[in-house]
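Before any comments, here is the structure.
The values are calculated or read from the model by the stated rules, or taken from the named source; none is laboratory data. Because the structure is predicted, anything quoted here is derived from the model rather than measured. Please note: Cβ atoms are built from the backbone with ideal geometry, for glycine as well, and neighbour counts cover all protein chains shown.
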Amino acid sequence: MSDPKPLDARAVLLDKAQRRAEERAQVLAQHQQRLARLQASAQRVSEMLADYQRRLAQDHRRPRPMADTRNDRLFLHNLQGMADKLGQDLRAAHAHRDAAAQALGEAERAVLQARKLLELAEQARIAQRERREQAAMDDWSTMRHAHKAHAHDAAGGRQ
């Protein structure tokens, strides 16, 4: 009989690799969701910035109090700062998402490797069982042949 422990160990390794791949897939999904939220925020801020700049350009033709002009500049500066910060966050989110995708790829390769090892172990177990069965059939055939030869010799000696 084959030792079931190596087969069990390979199955445990496969289960562990599958769990790791599932965890990596969840992490990747979280990074993709964060990236999507950041992209949406960046788009909104960019639209706000463009809209405000357009309104200021239109209002620039009319005289405005200095306090309003200063407030407009401060607001534009804050919007631009927000857009810059979102740009940095987007670059970092892209890097994190790419790293998570790479980690998932590695985990999926580990699953495939563990699955292949399990398949190879199963094939080896089947081949070993077939060899044992063939050896048993060969032994039975040899014993049967020996028994017939002995019976033939015994029958020949009586005549």
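With respect to the conditions (1) farther than 30 Å from residue 128 by Cα; (2) surrounded by 16 or more Cβ atoms within 10 Å (Cβ to Cβ); (3) touching a residue at least 40 places away in the same chain (Cβ under 8 Å), residue 87 lacks only one, and its number is (2).
Mind checking whether some residue in the range 29-44 is among the aliphatic types (A, V, I, L, M), modelled with pLDDT of 90 or more and within 30 Å of residue 132 (Cα to Cα)?
no
Scanning the range 51-76 for residues that are in contact with a helix residue (DSSP H, G or I) (Cβ under 7 Å, 6 or more places away or on another chain) and either acidic (Asp, Glu) or loosely packed, with under 13 Cβ neighbours inside 10 Å (or both) turns up just one, 72. Within the range 21-35, the set of residues being over 14 Å from residue 105 (Cβ atoms), surrounded by fewer than 17 Cβ atoms within 10 Å (Cβ to Cβ) and touching a helix residue (DSSP H, G or I) at 6+ places or on another chain (Cβ under 7 Å) comprises 32, 34. Consider the range 120-159 and keep the residues that are surrounded by 12 or more Cβ atoms within 10 Å (Cβ to Cβ) and within 19 Å of residue 9 (Cα to Cα). The one that is modelled with the highest pLDDT is 128.
When residue 63 is tested against (1) part of a helix (DSSP H, G or I); (2) farther than 25 Å from residue 22 by Cα, just one condition goes unmet, and that condition is (1).
Scan the range 109-123 for residues that are in contact (Cβ under 8 Å) with a residue 40 or more places away in the chain and over 16 Å from residue 16 (Cα atoms) and the total you get is 2.
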